[in-house]
Amino acid sequence: MSSAAFRPQSDGSVSVDLEESLVRSGLNARSRYPAMPRAVALVAHRVDAITARRATVLHVPVAGNPHHGEIRMAGMTKAQIRAAARSLADQCEILEAIDVDEVKRQSASQRSSLN
């Protein structure tokens, strides 16, 4: 897994779906796979592994996704962010690798069926 997958956006966050929220709603942890835009894989982390890197995990529901959360790396230096991203990439459990080409084919097929 590339550490780029855990590089925060300009606001200091990495978007995630929270397994606990999905399970509480009666959904499987894989239920949103592969609908997540720009996703490269479905991975799992323990929250303590994230907080051990001085990052925080927040539940931040968004329109259309009540299970959305964020890994926040606010207040960290660039070197700390790079180290945390590398560590998170090294320690994650890969549940599913997403075939980006297949997702593009499915999206194109869905768009053409709407026309």
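Starting from region 39-90, pick out the trypsin sites (Lys or Arg not before Pro) whose DSSP state is loop and whose Cβ has at most 16 other Cβ atoms within 10 Å.
Details: sites: Arg46, Arg53, Arg54, Arg72, Lys78, Arg82, Arg86; in loops: Arg46, Arg53, Arg54.
Of the trypsin sites (Lys or Arg not before Pro), the ones in loops of region 39-90 whose Cβ has at most 16 other Cβ atoms within 10 Å are Arg46, Arg54.
Normalised per residue, the accessible area of region 49-98 is 56 Å², obtained with a 1.4 Å probe and no contribution from ligands, DNA or RNA.
The values are calculated or read from the model by the stated rules, or taken from the named source; none is laboratory data. From a predicted model like this one, the values you see are computed outputs, not experimental measurements. Neighbour counts are summed over all protein chains in view; Cβ atoms, including those assigned to glycine, are modelled from backbone coordinates with ideal geometry. Heads up: the accessible areas ignore ligands, DNA and RNA and are worked out on the full protein's heavy atoms, side chains in. Shrake-Rupley method; radii C 1.70, N 1.55, O 1.52, S 1.80 Å.
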